[in-house]
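Please treat every number below as a calculation from the coordinates, not as lab data. Quick caveat, the model's predicted, so the values are computed rather than measured. Quick reminder, even Gly has a Cβ in these numbers, built from the backbone with ideal geometry, and neighbours come from all protein chains shown.
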Amino acid sequence: MIPSAIARFAALLLVCAFPLRAATQDAPPVAAASDLKFALDEAIGLFRKDTGRTVRPVYGSSGNFMRQIQQGAPFEVFLSADEHFVFELSRRGLTVDDGALYAIGRIVLYAPNGSSLRLEDGLDGLRRMIDEGSLRKFAIANPEHAPYGRAAREALENARLWDVVRPRLVLGENVSQAAQFSASGSVEGGIFALSLAMSPAVARAGRYVLLPESSHAPLRQRMVLTRRAGDTARAFYAWISGPAGRAVLQRHGFALPGGG
């Protein structure tokens, strides 16, 4: 049975799959990569305290958000886990500019409690499980539209494990769902965002180790204002770019562009 803490985490993700009701009529919708769930929830609370304003976050995969914005979705800010999605929207004239790099993401190899995956050996531990025949299921985000899924695939490819792991994959629609699958204990391990592995429920449900930055292309996370952006969206964008916003991101495991 899924532990109660993980059940609450799963419920959070279900809620976040749908637009939340705004506390006020002027709370603009913000499209945010799901690796930002815990960091951005904290940031929005602090932004509200500092300014008296709020925004309405919707979490999901960056690739899906790009397509939704192209199709007219009313998001005013887009925080992507892959800067290329922002560049594509900018090229199409749907944003005010090319946006700003706000974070560099990291991925982890995660083993739920009870798994025999030896994290101290990194991906060699995963290879050992495969050789022993004890790896049945392994979770990542869907690499077709989730940047963290693509990074996971690259790490497995660079370790020459992709072809043998692929038949055992359980794909999350986004990286939060991959974290949910991993922490539930229904798989032997997974690769997903450090920012989610650090969340209390997921951290209690298992262990993790950072994978080398060299194992995948950098997860350069970029945010941008869409052409729909109003005053509150612009204020939030500026707040995230400032010292308070950067401090929140750093607390949740993101590297900051420019350091510090």
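Tabulated values for the structure
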{"read-out": "Normalised contact order of segment 105-215, rounded percent, pairs of Cα under 8 Å and 6 or more residues apart", "value": "43 percent"}
{"read-out": "Tilt relative to the chain, helix 147-158 - C-alpha long axis, 0 to 90 degrees, to 10", "value": "30 degrees"}
{"read-out": "FRET efficiency for R234 and S214, using Cβ-Cβ distance with R0 set to 51 Å, rounded to 0.05", "value": "0.85"}
{"read-out": "Cα-based helix-to-principal-axis angle, 175-184 vs the chain, degrees rounded to 10", "value": "40 degrees"}
{"read-out": "Cα centroid of segment 207-260 to Cα centroid of segment 56-115, whole Å", "value": "11 Å"}
{"read-out": "Charge dipole magnitude, Cβ of K and R +1, D and E -1 - the chain, Cα centre, debye nearest 20", "value": "440 debye"}
{"read-out": "Rough spin-label spacing in nm, given labels placed 7 Å along Cα→Cβ, for Q70 and S116", "value": "4.5 nm"}
{"read-out": "Identified option (computed Cα extents along the principal axes in Å; candidates (1) 56, 41, 32; (2) 54, 44, 35; (3) 58, 39, 36)", "value": "(3)"}
{"read-out": "Proxy reagent accessibility, fewest Cβ within 10 Å first, across I240, I104", "value": "I104, I240"}
{"read-out": "DSSP-defined beta bridges in segment 105-215 - what % are antiparallel, rounded to 5", "value": "60 percent"}
{"read-out": "Helix 123-132 vs. the chain, principal-axis angle (Cα, 0 to 90°, nearest 10)", "value": "40 degrees"}
{"read-out": "Length-normalised contact order of the chain in % [C-alpha pairs under 8 Å, at least 6 apart]", "value": "29 percent"}
{"read-out": "Burial order of peptide ranges 207-217, 186-196 (average beta-carbon count within 10 Å, highest first)", "value": "186-196, 207-217"}
{"read-out": "Inter-label distance, nm, simple model (7 Å from Cα along the C-beta direction), L171/I104", "value": "2.9 nm"}
{"read-out": "Net charge, G105 excluded, C-beta distance under 14 Å - Lys, Arg +1, Asp, Glu -1", "value": "0"}
{"read-out": "Spin-label model distance (nm) - I130 vs A255, 7 Å beyond Cα toward Cβ", "value": "2.6 nm"}
